[in-house]
1. Put +1 on the Cβ of each Lys and Arg and -1 on the Cβ of each Asp and Glu in the chain; which of Asn383, Ile284, Gly195 then has its Cα farthest toward the positive end of the dipole?
2. Tell me which residues come under 5 Å, amide H to amide H, from Val66 once H is placed; ignore anything under 5 positions away on its chain.
3. Under 5 Å between amide hydrogens, which residues at least 5 positions from Val186 or on another chain qualify, with H placed 1.01 Å from N in the peptide plane?
4. With a Förster radius of 45 Å, plug the Cβ-Cβ distance of Ser197 and Ala139 into 1/(1 + (r/R0)^6) and report the FRET value to the nearest 0.05.
5. Can you sort Ser398, Ser262 by how many other beta carbons sit within 10 Å, fewest first?
6. With charges set only on the Cβ (+1 for Lys and Arg, -1 for Asp and Glu), what does the dipole of the chain come to about its Cα centre, in debye to the nearest 20?
7. Mind checking the angle between helix 129-144 and the chain's longest principal axis? C-alpha axes, 0 to 90 degrees, to the nearest 10.
8. Mind listing the long-range amide H neighbours of Thr147? Cut-off is under 5 Å, sequence gap 5 or more, other chains count too, H placed in the peptide plane at 1.01 Å from N.
Amino acid sequence: MNKDAPFTLSSFPRAIMHIDGDAFFTSVEQSMHPRLKGLPVVTGKERGIIACASYEAKALGIKRGVGLWEARRMCPNLVVLPSDYESYSIYSKRMFEIMRRYTPEVEEYSIDEGFADITGMRRLFRCSYKDIAVQVQAAVCKELDITVSVGLSASKGLAKIASDYRKPNGITAVAGKHIHLFLQKVPLADVWGIGPSAQQLLRKYGLHTAYDFALRDEKWVRKMLHKPGWEIWHELRGRAVNPVDTQARPPQASIMKGKTFSAPSADPDYIYAKLVRNVESAFIKLRRLNMRAGEITVYLRTKDYQERGVGARLSGSTSNAMEATPLIRQMFNQLYAARREYRSTSVVLSRLESDSRQQYDLFDDRIQIERMREVGRVVDQVNRRYGKHRIFLGTGLSLKSVEMNDRDEPCWRKLNLLAGETQRRRIRIPRLDIKV
């Protein structure tokens, strides 16, 4: 074995590219509002916790997950915005459309990052794989006015590490013959899939870098970290054991909806109403997916971030929130503690099954089941036309009387509709560039 290059490969046995948006949410806000460029910007005003920080804010030590009060103390001139997930989604779709111009094999890994297998595409574009990565990065910057970091290597694992190597707006291409040199610069903490516990274990055996791990014997790796660690080991050595997945995601195993209050509350009616609103939102999505739920779990989180939850099976799977509310009330009463202030509620629907293949039991009330299904269809029709939650359960009336504060401020896009738009019928354009 060559000690200097123990697992040298041809330059690109496969060419996998990873695109990662730089501070994606705040970059989109700065793209839509150029006056914000160069300023410290964060999103997450509606939650009271930073969801994303621009690089200008990060330079001041402000990070994701920090409370807004602490961030404002660190930077009194901080620009705090409510999250605009609709616009972020539009930008995300356009970013992936740009990637698909260069290869049909694109995996949408999350809203702001994805993989692309560009193996063989250099013949079509008459340039190197790195030049293709440069073109993708330039197209995203020119058309969306945001920056992305790009990693290029022989596997997804290597490409993901490489995209993070020169953030922001960087490109790192690691050819097969240079993998061993690159891994020597990568600490274990930066390896995709190796968590804190695995890091501690590997350090006990004197492993501190990705290179140290990649040099280990295959049998030892399988014994210590089992199949997941074995797959990471292969990926680090340039063997693509996890191909780019272009298929649609498999049916969801669960649906979760949660909401942080604009201000903590000890009012049981208000807290319960917020929980039920989450339940309604979850069932709306459930019906959109043409599914039913057989199990519900609810969570209450206190002002000091302590969370308690309880779950229960429904007597029969359903797609209508009305059938679940008696059980929701029982679980809420079990969790709620008087005089404690709560900051959020959430609900998880699980044991999902298709609503188109329902099998009736002998003692099922088929008429009632069909009535509930029809109620759900009517609610969805009205909401699609006039706006979400235009029809809601009576517990939601208490939400109307709650005094608004600055954290309830809607995002800019919802306050600035284009001609002909409504809150539920929107043109899929987050910004307009008009040159006169």
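1. After comparing all options, I get Gly195.
2. Amide H to amide H, under 5 Å and 5 or more residues apart or across chains, Val66 pairs with Ile50.
3. Hits under the 5 Å cutoff: Ala210, Tyr211.
4. So, using R0 = 45 Å, E works out to roughly 0.65.
5. Final ranking by Cβ density, sparse to dense: Ser398, Ser262.
6. With only Lys, Arg, Asp and Glu charged at Cβ, the dipole is about 280 debye.
7. 40 degrees
8. Asp22
Any read-out appearing in this document is the output of simple, stated calculations on the displayed coordinates, not a laboratory observation. Everything quoted here is computed from the prediction, not taken from an experiment. Using ideal geometry, Cβ is built from the backbone for each residue, glycine included, and neighbour counts are taken over all protein chains shown.
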